[in-house]
Amino acid sequence: MKKISVRIFSLTLLLCILCPTCLCLTSCSGRGGGEGEYTYHTYSSALGTNWNPHTWEVNADSAILGYVSSPLVDVSIKNSTDGVYTWVFEMAESVTDVTEQNKGDLEKYKVTLPEGKALSDITEGYVFEIKLRRSAAWENGEEINADDYIYSMKQLLNPKMKNYRANLFYSEESALAGASDYYFGKTDDFGAVGLYKVDDYTIRYVTQSYIDYNYFLNSCTSPWLVYEDLYEAGKREVGGLTVTNYGTSAETTMSCGPYRLSSIQPAKQAVFEQNPEWYGYEEEDGRLVSYTDFEVDGERVRQYQTTKIIIDVLDEQSAKNAFLRGELSEWTPSADELSTYSSSDRLYKNSETYTMSLFFNTNVNTLKKLDAQSNKNSIVLSSKSFRKALSLCIDRSKYVSATGAFIPEYALLNGLYFYDIYNDPTSSYRASNAAMTEICKLYGVKYGEGETHKTLADAYSSITGYDPSSARALMKQACDELAASGLYRRGEDILIRVGWAKGALSADDNRQISLLNEFLAAAAQGSGFGQITLEAVGNIENRYAAVPAGEYAIGYGAWGGAAFYPFRSLQVYMDPDQYSINEAGCYDPKTDKLTLDVNGERVTKTWQEWSGSLTGSGMYSSADADTRLSILAQLEGAFLETYYRIPLCSSTTCVMLSYQCDNYTEKYNVMYGFGGIRLLRYNYDDKDWASYIKRQGNTLSYE
Amino acid sequence: MIKYILKRLILMLFTLFVVITLCFMLIRALPSSPPEGSSLAQSQMILERWEALGYNKPLLVQFGIYLKNIFTRFDFGTSWKISKTQPALELLVGRLTPTVLVNLYALLLSIPVGIALGILAAIKKNKWQDHLISTLVMFFVSVPSYIYAFLVQYFLFFKLGWFPQTIYSLSDAGGWFTGKMLYSMALPVLALSFGQIAGLCRFTRAELTEALTSDYMLLARAKGLTRAHATTRHALKNAMVPILPMIISSFIGILGGSLVIESIFSIPGVGQLYVQSVQQRDYDVFMLNSIFYTLTGLLAGIVVDISYGFIDPRIKMGER
Amino acid sequence: MLNIPKEKFELAEDTDRIRHSPPPARHVGYFADAWTRFRKNKASITASVIIVGIILFSLLTPLFVRGEKVGGLDSYYSKKGPYLSSGLNIPFFDGGKSRSFNARGLLHIYGISLGACDGDGTGNVSIKEISDTYKTVLTPTYKVIGSYEGGRYKARIDTYAEVGFVYMQLTREEYANIAAWQDQNNVRVLYPLIASNQFNPDINDANYWYRADTSSKNQPIDLNGNPIKLSENTRLAENYERDAEGNLVYAKRVGGGDGEALRVRVLYRNYYIYQNGAPPSFILGTDSQGYDLALRLSEGIRLSLFISVTVSLINFLIGAVYGAIEGYFGGLPDLILERIADVLACVPFIVVATLFQLHLSERLGKIPSLLFAFVLTGWIAVASRVRTQFYRFKRQEYVLSARTLGASDARIMLKHIFPNALGTIVTSSVLIIPTVILNESMLSFLGIVNLGSSDTTSLGTLLSEASNIWTNYPHLMIIPALVISLLMICFNLFGNGLRDALNPSLRGVE
């Protein structure tokens, strides 16, 4: 009896669940829009939670910020066949260098003059006048003027808020004069900071040190504008700090860009729609369209064709499924999937600037301590021959075969760096003669008459960083040295723990370590060393600090970024005042000296001075590009010679675009990518796209 | 009875306190240093923030501040990593709805189906229905839940397109309780309920079998009751005794175990928050989450114990 | 009333039939009885056999499968399907996969075979002339399916052959050895190097031996620059490096120093044969690192079983003792012990596991800290079951009578109540095993603990590695999932059988 009634009950329940389902099936419509609408579906593993331009931290945050804000200046395409870029003035109508006419400001704001120059020598590079666009407005219609900018900068540098992004304006190349003092509370007069208003639509920006006009424009591409009312309303005290919740939800965001945030559900979805108050839109057939102010390939083209952007939180597998069913407009295949899609028409490859390398703590006492605790005979790392042997015994092309999408690297700054990008877009650092010469010198590759390689380019392209016979010889030499100095006993095994990753070790990491051990074993044959094993350790919160602190003898990590301004990049290895250096115990960059060849002269400085000499107030910061290039190349070569850091590989990312939309150009350019969302063109509007998918049987194929 | 309930409540609070202390000590004792900035200036700034929030004070002092905040201001701390400057309580409450909904639906689906199947299997013991159900149950219990999730997603979404892959966002569905949201939750509910149905079915079958073979059943048959009558009046009631606690504990179990399901179907729920807070060392959110799970577990325990007393008069707690 | 005469009654002397049959001569003990019942249960016997089979598999596989591949980890052959290249051409074991391509992609795949047949660098082999020794495409079609984006083709390709050519750095000695070997055995390993000119799309990829148009998505072109179309007679234009006299270059000095290293281009399959003496054969395929999957599976089974059985045993011991004391004495001891158990039970498992991993894995190792995490809260369930059972049984009459007769507490617990409870307790202990396997796989899946390393792995790790890529490489997920499911089903059946067997009240019940 009961059994039957239970049965009926459960059946009824099932029916109750199915009924609304059927109702929904009929009433459900697709997620995209209809005719004339162009929706860009993208995804991310985590949604940004804080897109306040003063405090954003991760890429997900800056993605949101990018849609709801418009910077003063942007970069886009002038000529896509030749790869010529152009500066685009967005919120700024113009930016001019007015140093000559405003020398008084230099004294007033106590700027730093370059070494060896006097006030009378300065004619440019300190004071810039920005004329603001008059039609710029917030999404609620209020107009934007100079007061908003001054207010925003004042908040950004507010000593009680300690904003995360303030360092861009008080300590980097475009640092505002007097900002550092204001930020650290040494003075509370904002008038002493070099940003002031000339009239309602003009502001002047005084930099602390010399900066080239193009680099200043580049710094203007980061927005700092905030909406005062919401910013103030969201302030509260937490601990000893003042924080604001500006830019954390749809209600606390005010957009000044082409899109506005129409809704965001944390950890789930963010939706952006066109911002009708944006100055770039005009009405056409009842829709908002926009055309570029500037000429692209000779004509003004349609820009920001996308009418709606949806960012979903999806995991890897779901993203792939969604992409193949036409629900996503772009997808990033993982390294494992790349082999299937490598011939695809829709695959776009970018390289990244991050070069993975091994870095060491070579302090003898630290190593001895580690040997007593968790390593065995890691004292061998103090020998330069050993480290050089380590570098030469790694077959980098085999190493990168362990994981997809990595390419071998032999130097610190990889092929994405440009030393004079704004004046010469082909000025690739890695391909320059100066840099190539240094690397050939490093790996001992000769070229010219009577040698295997006739030209420098030939010699450079033959470098693989792999020289097994030299490696073996060096190993033997290292063993002899170490045994002679009593630090190591022949034949003993060596075990060194490597601070490998922040998260848990993945299969890829294990593979890489196995390969490294294999290479070491091959090199150590016949050298007198016992078995050498590297052990990778994961789940380390901050391995970059752990190695110099003496917790690990070797670390595995990367530096990168600033591809257009490599002159500061070596400071991360040599300037302990500005950066916490990962390598330790090796040398003291503040006192050890280095002699380099500058335009025929032999000049000696400390390492720290050299690394700072090319930028800011350094001696050569206003020298011509070739001089700076030569110094940079020599400095990089000299540092690599010490073998405190061994570069291994760098990564590439690949993105697949759906058939729904096309990039403006197929030729990648380091300045503007493929054209970005500004110039993205659609082949189908939402309605046509839905029917296209249906025609293909609901599953698309991209290989 | 009332005295007993009061005693249990007080003990629950005590347990809660001990658990909070344990979790707090364990997670704050982890070697953790302030994150590195990309330049020395930034690192300096981060250190100052760290200091200003009191993370450098001794452990007990930190604990004291934490408790004080809870009792005086109901302030469970702020989230610093997952959602900047948002109060942890607000963050958790915002994530409760989807988790509870999905679990509730899964439970509503699995209880009747599971019990019904279990009864069927027990009654028709060793006949073909029993074998079929037992085999299916074996199969469903032994495959990990995320494999179902993948399979369900693959076949029902990718190949057939009947259901959406992830649950709809609020703006797509228009609210948590609409029909569209229910429709989009079909896949995770299905994935969750397989295991539950199997577990319930197996348990019911076991208990009912044991009840069916006991002496009073023999007596009932001897007295002349029909098989069905004897089963419903005697065996079923006895067999149901341990099932109610099992249902309650399985609800708690789903709450805890749906972490994987939540990440696969993009459900912005409590489980996902939990894993994130552990990975990113967002202390306050982690503590609040642990308190939440502990509290639900303890409440469930009390309810179970009390209900035991009601359902089975033989078992009186606390007696020799 | 009828008068029935006395003579009609006969005395019934059926003493043989009426008298009780003598009691069985042998007394059937508890365990003997249990064993009989267990034996009769066909499902549990099957389950036990399968479990033993799996254990044997995990112990014996390392003996049959080469663990240490010559040359170490084989990262080129990672994530490939099952492959037995003994020439038997069994469909499942040919490492084949059906994929869809655009014209360029299919040409590229054919290009690998064409290149392999083209050791002398004339580039004059056409698709239909590809020899059987190196076929990348197993079942080709030239049929266009789907009408979009230039037409798509479906073909079944050999994923092992797809690896094609790789660049290697060898010493002079190794180079000489290979050259000698390839002449001796008539198997070509070394192939001409590719020129790094504007027709070479990727200098790191040794499969682009033909001319391609780098400005147009690497479309293969002929000597005049026209795109090559796909058909039976297609030939590709070669782009090999030639020295000053126009000869092919097979090896080039690279790097610096005394230049001992030579860069060569090898056909990886033949290089594998050179190194290992036989073509690749992986009965279950390879995992995502490059190890033989059968080997990793056996390691995983061993580790998972080890962890779960240990945990189960420890939990059983602790839980039984704890629960017995609680359940038997009741009252104050029960309350106190319950509270302690409650406190421990309420610490969520995932927290305990994560924190222990982070704190202790450095000092104790990953596995002991995982065991510790399981054991810390695992025994509570057993203890509570035991406690419930004790509560149910301690009011029984035989307990009362035993107590009246003066039995001590320990004796009552052990001899009277425990055996009744044994059924449920042992079953629940055995059933812990699949739960532990499941929990461990979930922890590995979430990335909280990673037991994988170059010599060990666990089933959960195998699954989590496969979770992102399984639609492309289904065998990576199906095989471990199958094994886990099989293990769990069998343990469940085994547990059920045990429970039925150890339940004395079922004696005589069919």
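Numbers for the structure displayed
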item: Hits in the stretch A:110-149 (condition: closer than 23 Å to A:Tyr170 by Cβ, charged (D, E, K, R) and assigned to a loop (DSSP other than H, G, I, E, B)); result: A:Lys110, A:Glu115, A:Lys117, A:Glu124
item: Unique residue being more than 9 Å from every other protein chain (Cβ to nearest Cβ) and either among the aliphatic types (A, V, I, L, M) or outside any helix (DSSP H, G or I) (or both) when the list is B:Leu104, B:Leu91, B:Leu108, B:Leu120; result: B:Leu104
item: Residues of the stretch C:264-278 classified as modelled with pLDDT of 85 or more, out of contact with any helix residue (DSSP H, G or I) (no Cβ under 7 Å at 6 or more places or on another chain) and closer than 20 Å to A:Pro468 by Cβ, total; result: 3
item: Hits in the stretch C:210-248 - residues which are of a type in the set (D, E, K, R) and not in a loop (DSSP other than H, G, I, E, B); result: C:Asp213, C:Glu238, C:Arg242
item: Tally, over the stretch A:436-464, of residues that are aliphatic (A, V, I, L, M), under 14 Å from A:Ala638 (Cα atoms) and facing chain C (nearest Cβ under 9 Å); result: 1
item: Residues satisfying the stated conditions in the stretch A:311-343, i.e. among the β-branched types (Val, Ile, Thr), facing another protein chain (nearest Cβ under 10 Å) and not in a helix (DSSP H, G or I); result: A:Val313
item: Per-region count, the stretch C:160-203, residues at negative phi, of a type outside the set (A, V, I, L, M) and free of Cβ contacts under 8 Å to residues at least 24 places away in the same chain; result: 9
item: Meets criteria (at pLDDT 85 or above and more than 19 Å from A:Gly415 (Cβ to Cβ)) for A:Asp686; result: yes
item: Options A:Gly286, A:Gly280, A:Gly247: the member that is touching a helix residue (DSSP H, G or I) at 6+ places or on another chain (Cβ under 8 Å) and either buried (at least 23 other Cβ atoms within 10 Å of the Cβ) or more than 30 Å from A:Gly618 (Cβ to Cβ) (or both); result: A:Gly247
item: Filter result for A:Asp458 (over 27 Å from the mean Cα position of the chain (by Cα) and in the same structural domain as A:Asn375 (by TED's automatic domain parsing)); result: yes
item: All helices (runs of 4 or more DSSP H) inside the stretch A:395-462 with 1 or more residues being in contact (Cβ under 8 Å) with a residue 60 or more places away in the chain; result: A:396-401, A:433-443
item: Total residues in the stretch A:608-625, condition touching a residue at least 40 places away in the same chain (Cβ under 8 Å), surrounded by fewer than 23 Cβ atoms within 10 Å (Cβ to Cβ) and not in a loop (DSSP other than H, G, I, E, B); result: 1
item: Condition broken by A:Ile631, with the remaining ones in (1) touching a helix residue (DSSP H, G or I) at 6+ places or on another chain (Cβ under 9 Å); (2) in a helix (DSSP H, G or I); (3) in contact (Cβ under 8 Å) with a residue 60 or more places away in the chain; (4) of a type in the set (A, V, I, L, M, F, W, C) satisfied; result: (3)
item: In the stretch A:645-671, the residues that are at pLDDT below 85 and more than 27 Å from A:Arg396 (Cβ to Cβ); result: A:Glu666, A:Lys667, A:Asn669, A:Met671
item: In the stretch C:4-57, the residues that are modelled with pLDDT of 85 or more, in a loop (DSSP other than H, G, I, E, B) and not hydrophobic (A, V, I, L, M, F, W, C); result: C:Pro5
item: Matching entry among A:Ser27, A:Ser10 (being surrounded by 18 or more Cβ atoms within 10 Å (Cβ to Cβ), within 30 Å of B:Leu104 (Cβ to Cβ) and at pLDDT below 80); result: A:Ser10
item: Among residues of the stretch A:564-583, those that are aromatic (Phe, Trp, Tyr) and closer than 13 Å to A:Glu172 by Cβ, counted; result: 3
item: Where A:Phe294 falls short, out of the listed (1) over 29 Å from B:Tyr154 (Cα atoms); (2) more than 14 Å from chain B (Cβ to nearest Cβ); (3) crowded, with 23+ Cβ neighbours inside 10 Å; result: (3)
item: Answer from B:Leu200, B:Leu218 - the residue that is of a type outside the set (S, T, N, Q), under 30 Å from C:Pro434 (Cβ atoms) and more than 11 Å from chain A (Cβ to nearest Cβ); result: B:Leu200
item: Test: A:Thr306 is surrounded by fewer than 21 Cβ atoms within 10 Å (Cβ to Cβ) and either touching a His at 6+ places or on another chain (Cβ under 7 Å) or under 23 Å from A:Pro53 (Cβ atoms) (or both); result: no
item: Residues (crowded, with 16+ Cβ neighbours inside 10 Å and over 20 Å from A:Tyr341 (Cα atoms)) located in the stretch C:188-213; result: C:Arg188, C:Val189, C:Leu190, C:Tyr191, C:Pro192, C:Leu193, C:Ile194, C:Ala195, C:Phe199, C:Arg211
item: Which numbered condition A:Pro425 fails, given (1) at pLDDT 80 or above; (2) surrounded by fewer than 18 Cβ atoms within 10 Å (Cβ to Cβ); result: (1)
item: Candidate set from the stretch A:664-687 (those that are among the charged types (D, E, K, R) and either surrounded by 19 or more Cβ atoms within 10 Å (Cβ to Cβ) or in contact (Cβ under 8 Å) with a residue 12 or more places away in the chain (or both)); member that is farthest from the other protein chains (Cβ to nearest Cβ); result: A:Arg678
item: One residue from A:Glu535, A:Glu551 being among the acidic types (Asp, Glu), touching a residue at least 40 places away in the same chain (Cβ under 8 Å) and surrounded by 18 or more Cβ atoms within 10 Å (Cβ to Cβ); result: A:Glu551
item: Enumeration of residues in the stretch A:639-690 that are among the aromatic types (Phe, Trp, Tyr) and in a strand (DSSP E or B); result: A:Tyr682
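This table checks each residue for (1) touching a Pro at 6+ places or on another chain (Cβ under 8 Å); (2) more than 25 Å from A:Asp336 (Cβ to Cβ); (3) modelled with pLDDT under 80.
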{"position": "C:Asp94", "(1), (2), (3)": "no, no, yes"}
{"position": "C:His108", "(1), (2), (3)": "yes, no, no"}
{"position": "C:Ser113", "(1), (2), (3)": "no, no, no"}
{"position": "C:Asp120", "(1), (2), (3)": "no, yes, yes"}
{"position": "C:Tyr142", "(1), (2), (3)": "no, yes, yes"}
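Residues are listed down the side, and each one gets a yes or a no for (1) assigned to a helix (DSSP H, G or I); (2) in contact (Cβ under 8 Å) with a residue 40 or more places away in the chain:
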position: C:Thr424; (1), (2): yes, yes
position: C:Leu438; (1), (2): yes, yes
position: C:Leu462; (1), (2): yes, yes
position: C:Trp470; (1), (2): no, no
position: C:Met477; (1), (2): yes, no
position: C:Ile484; (1), (2): yes, yes
position: C:Asp500; (1), (2): yes, yes
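The values are calculated or read from the model by the stated rules, or taken from the named source; none is laboratory data. Because the structure is a prediction, the values reported are computed rather than measured. Neighbour counts are summed over all protein chains in view; Cβ atoms, including those assigned to glycine, are modelled from backbone coordinates with ideal geometry.
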